[in-house]
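Below: one structure, written as structure tokens.
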Amino acid sequence: MAEKTSNKSVFFNPFSKDNPVVVQILGICSVLAVTAKLEPAIVMGLSVIAVLAFSNVIISILRNTIPTNIRIIVQLVVVAGLVVIVSQLLEAYAYDVSKQLSVFIGLIITNCILMGRLEAFAMGNRPWPSFLDGVGNGIGYTIILVIVGFFRELLGSGTLLGFQVVPQAFYDAGYVNNGLMILPPMALIVVACIIWVQRSLNKDLQEK
Amino acid sequence: MKSLKNFFDKARPSFEPGGKLSALGSVFDGFETFLFTPRTTSGPSSVHVHDAIDSKRTMIIVVLALMPCFFFGMYNTGYQHWLALGATQFPFWQLMLYGFLAVIPRVVVSYFVGLGIEFAFAQWRKEEIQEGFLVTGILIPMICPIETPLWMLAVATAFAVVFAKEVFGGTGYNIVNVALVARAFLFFAYPAQMSGDKVFVASGTALGYGTALPDGFTCATPLGQIATTTSTDSLVTVTGVDGQALTAWDAFVGLIPGSFGETSVLCILIGALILLLSGMASWRIMLGVFLGGLGMGLITNLTATPTYPASFMPAWEQLLYGGFAFAAVFMATDPVTAARTNTGKWIYGILIGVIAVLIRVYNNGYPEGAMLAVLLMNVMSSLIDWCVVQANIRRRMRRLIVKTNANE
């Protein structure tokens, strides 16, 4: 399989054509939960990139020694170990953000993207393509997270990364932040809009 | 009429494919079929019976049924404003003029934004313009507080038309009521502008007409007053804009603060009569909603506690205040989003009534629950229909088996 698809497409396909969130519809729950503000969305994206890349590499190295009937347990142990490391690092160096992300860093373990990539790619490919696949999918996930977080923070709070973006003159003229943007349902609608735009641009993704 | 027809006949070629204005073909088609019966008939190969009531006529009758509420809303807007100014005389035409000037920008914005999006989508998909927005466009200003800023109304209308209607395929395919989605969007996105004690009475001048109220003026709706009361023993006396107590009669006639078109139960009943006599709405749903609300009102009233102040309200008063009656007559009966089987209509209607009162009484955060009740049951209506149909199939299947067994 690694020989059939080039490393380049393994890395770049998940950005758009094979995006884990808007094409494979995986990891939606964390997209809804952590994107009310841009900063936690970025941190969450980086955490997933790190966990996904390294767990892909580790599983890929171990792939020939893992007995098939306990492979899910092995994968979970690897992912859980990496998630604990990321979570500890965040608590040490970015305490406020880790507070905001609360349980969702821990829940990376259950993120469908991880198990999906480990099962579909790392179990059958060599470490280097697996690493690229992990980083690629992580970036694909992060792109969506950042887009959703951007619109939700801008329209919901009038800020970006905590800085006031919408000028005070707007508020004086009667503009009001959209409270619905802060609520998770709106994240779903923003994701739906991204899917809408993407499928309109890529005709081959449209279902018949 | 003749000259109008000539005008359309002359203009048609330039709108047909290949013509100069073919990009606006569906707009032309929309206006032509709005004014005249469609030119095209079904082909010679088969016989089709056409009902004179197509969806354009249906919509017009619903709009007609809304008119009593609309005109009363104009009067009441003026009346509440004059009352808040401390007036003792209420000159009818001045009140009407003020109400008219206050509401007309809202109607224009709602139709302009909604129809604009509909036209654009129809043209984009090369379809006929569908006329569903005729009713939605007038409903949106009627179910919103008179002080809702115009830009919010525009944003909410755009959101509702795109996400509640066009993405599902346009008129007739929507799952939930479009006007209520617009209101729900406003309610959750801009809670401060959609509830509370400042928005239900027009406080400024209407396009320069009338006198602005002093800044500190506040008046909550009766349901808002009940929900936020601190009195603990019995039903609080609700007061009007002038501080005088309001009676159930005031609520029936509609001279109370509230969203523009939904205060007068009397006018809503006139509308209901028009809808029922013309066969546009289902009496099962309407009756179901009122019975459900009454039943739930009785239960909450029997188990009244000071924790939930609205539970002290007599059951029949629950039907008079807020948007309950309006939702029962004009929202729940929307044929696209309601249940379609007769048994299903009863279940659907009764549950709307029950849930509306349930939310109103037991959730102090939401003084009014009719909007959320209708939206929730819109989502459930296909499920109700599915259950009713399956039960029917099972029953008939059993009968069949019994019969064949007896024959053997």
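No lab work stands behind these numbers, since they all come straight from the coordinates. Since we're looking at a predicted model, the values are computed, not measured. Neighbour counts run over all protein chains shown; Cβ positions are idealised from the backbone, glycine included.
Points worth noting:
- Straight-line reach from A:Lys8: taking Cα to Cα under 27 Å and skipping same-chain neighbours fewer than 8 places apart, the lysines in range are A:Lys17, A:Lys203.
- Here the label points at B:Thr205 and B:Ala120, each 7 Å from Cα along the C-beta direction, are separated by 3.4 nm in the simple model.
- B:Thr343/A:Cys29 FRET efficiency (R0 45 Å; Cβ-Cβ; nearest 0.05): 0.75
- Extension gain (nm, one decimal) between A:Thr65 and A:Lys99, 0.36 nm per residue minus Cα-Cα: 8.4 nm
- Placing pseudo-labels 7 Å out from each Cα toward the beta carbon at B:Lys2 and B:Ala87 gives an inter-label distance of 4.8 nm.
- Each Lys and Arg adds +1 at its Cβ and each Asp and Glu adds -1 at its Cβ; summed about the Cα centre, the range B:55-392 shows a dipole of about 620 debye.
- An oblate overall shape is assigned to the range B:55-392, the ratio a/c of its alpha-carbon gyration tensor axes (a ≥ b ≥ c) being 1.5 or greater and a/b not exceeding b/c.
- Longest exposed-site-free window of chain A, the sites being GluC sites (Glu not before Pro) in a DSSP loop that have at most 12 other C-beta atoms within 10 Å: A:4-206
- Contact order normalised by residue count of the range A:84-195, Cα under 8 Å, 6+ apart, percent: 17 percent
- The protein assembly as shown shape via C-alpha gyration tensor axes, a/c threshold 1.5: prolate
- Three-way shape call for the range B:116-158 based on the alpha-carbon gyration tensor, with the a/c threshold at 1.5: oblate
- Above-threshold pairs, the threshold being 28 Å between Cα atoms, out of B:Lys126/B:Lys345; B:Lys10/B:Lys56; B:Lys5/B:Lys56; B:Lys10/B:Lys165: B:Lys126/B:Lys345; B:Lys10/B:Lys165
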